[in-house]
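The values are calculated or read from the model by the stated rules, or taken from the named source; none is laboratory data. Values in this document were obtained by computation on a predicted structure and should not be read as measured data. For neighbour counting, all protein chains shown are included, and Cβ atoms are generated from backbone atoms with ideal geometry for every residue, glycine included.
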Amino acid sequence: MTPAEILNSLFPLGHDVTTHGNLSFGMGAMGTLSVHVIGAGGGGAIGVDEALQLAAHVLTLANSGDGRPILLLVDTSSQRMSRRDEMLGLNEYLAHLAKSLLLAEAHGHRTIGLLYGGSAAGAFIATALACGTLVALPGAHPEVMDLPSMARVTKLSIEVLKEKAKATPVFAPGLDNLAQTGAIAETWDPDAPLSDKLAALLARPRNGDDRATLGKVRGGRPKAAIIANEVVTLAQARG
């Protein structure tokens, strides 16, 4: 689906989302409810400038006090790997963007990422994964780290990583693997009205971060929820 088709399916009652380069901002109507819409699209990279613009907009919404949900549409490549961005400390700007989304959630705004294209590495972590809930459309292709990059970091061969990826989703890129780990809550059918899916999601209360639990249920991260709960139990016992 194109971004225009996605917006029309999400908001059949209308929207005023406008695009500026690879970024989009606006509002979508859902009956008595309005949803803030932010887009990082066009398959573009997220650099210092984009991270600042996105974070500034999210912080404005977080401080608005209106409590409306924030929907972040994502189709990016990776973080911008230019000398300028790296010298300016791109990692800090990406962290700032991620924390802005977390702050918005803490201020009562449901944050929902909708991944409809690609996204990788820091750009993926600071946008889609920083939202309280992440959903996707078929054909989306997320990856926290591709296998060649993982091979350079771990010093393991591509062949070894490919074998591990077959049995362990955390080693593998792609929509199905990220869904199995619990990172992606739902994959929506693009042939059905996306407005119904969004309305159903917003109608369900969100009680904390359930990604580790989903990963356990789906078999992609069998130990994460157990370990996290044990850490919390031990911390509470120590007062």
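Please enumerate the residues belonging to the range 205-227 that are small (Gly, Ala, Ser) and surrounded by 14 or more Cβ atoms within 10 Å (Cβ to Cβ). It would help to see each step written out before you state the result.
Taking the range 205-227 and keeping what is small (Gly, Ala, Ser), we get 208, 212, 215, 219-220, 224-225.
Matches in the range 205-227: Ala212, Gly215, Gly220, Ala224, Ala225.
Considering each of Ala55, Ala121, Ala45 in turn, give the residue that is on the phi > 0 side of the Ramachandran plot, among the hydrophobic types (A, V, I, L, M, F, W, C) and touching a residue at least 12 places away in the same chain (Cβ under 8 Å).
Sole residue among the options that is on the phi > 0 side of the Ramachandran plot, among the hydrophobic types (A, V, I, L, M, F, W, C) and touching a residue at least 12 places away in the same chain (Cβ under 8 Å): Ala121.
Right, Leu73: touching a strand residue (DSSP E or B) at 6+ places or on another chain (Cβ under 8 Å), at pLDDT 95 or above, part of a strand (DSSP E or B) and on the phi < 0 side of the Ramachandran plot or not? Give the steps one after another, and end with the answer.
Values: touching a strand residue (DSSP E or B) at 6+ places or on another chain (Cβ under 8 Å): yes; at pLDDT 95 or above: yes; part of a strand (DSSP E or B): yes; on the phi < 0 side of the Ramachandran plot: yes.
Considered against the rule, which asks whether it is touching a strand residue (DSSP E or B) at 6+ places or on another chain (Cβ under 8 Å), at pLDDT 95 or above, part of a strand (DSSP E or B) and on the phi < 0 side of the Ramachandran plot, Leu73 comes out as yes.
Tell me which strands (runs of 3 or more DSSP E) are completely within the range 1-56 and hold 1 or more residues being modelled with pLDDT under 95 and closer than 20 Å to His109 by Cβ, or say none if there are none. It would help to see each step written out before you state the result.
Values: elements: 18-20, 23-30, 33-46.
The strands (runs of 3 or more DSSP E) meeting that bar are 23-30, 33-46.
Does Glu163 count as closer than 25 Å to Leu13 by Cβ, among the acidic types (Asp, Glu) and out of contact with any Gly (no Cβ under 6 Å at 6 or more places or on another chain)? Steps first, please.
Working: closer than 25 Å to Leu13 by Cβ: no; among the acidic types (Asp, Glu): yes; out of contact with any Gly (no Cβ under 6 Å at 6 or more places or on another chain): yes.
Answer is no for this residue.
Kindly evaluate Leu72 against the criterion of being touching a Cys at 6+ places or on another chain (Cβ under 7 Å) and surrounded by 17 or more Cβ atoms within 10 Å (Cβ to Cβ). Reasoning before the result, please.
Working: touching a Cys at 6+ places or on another chain (Cβ under 7 Å): yes; surrounded by 17 or more Cβ atoms within 10 Å (Cβ to Cβ): yes.
Considered against the rule, which asks whether it is touching a Cys at 6+ places or on another chain (Cβ under 7 Å) and surrounded by 17 or more Cβ atoms within 10 Å (Cβ to Cβ), Leu72 comes out as yes.
Table: residues versus (1) at pLDDT 95 or above; (2) within 24 Å of Leu194 (Cα to Cα); (3) not small (Gly, Ala, Ser).
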{"site": "Leu59", "(1), (2), (3)": "yes, no, yes"}
{"site": "Met87", "(1), (2), (3)": "no, no, yes"}
{"site": "Tyr93", "(1), (2), (3)": "yes, no, yes"}
{"site": "Ser119", "(1), (2), (3)": "no, yes, no"}
{"site": "Gly122", "(1), (2), (3)": "no, no, no"}
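State which residue pairs qualify: first residue under 17 Å from Ser77 (Cβ atoms) and inside the range 129-153, second residue crowded, with 22+ Cβ neighbours inside 10 Å and of a type in the set (S, T, N, Q) in any location, beta carbons under 6 Å apart, and separation of 6 or more residues or different chains.
Qualifying pairs under 6 Å: Pro142/Ser119.
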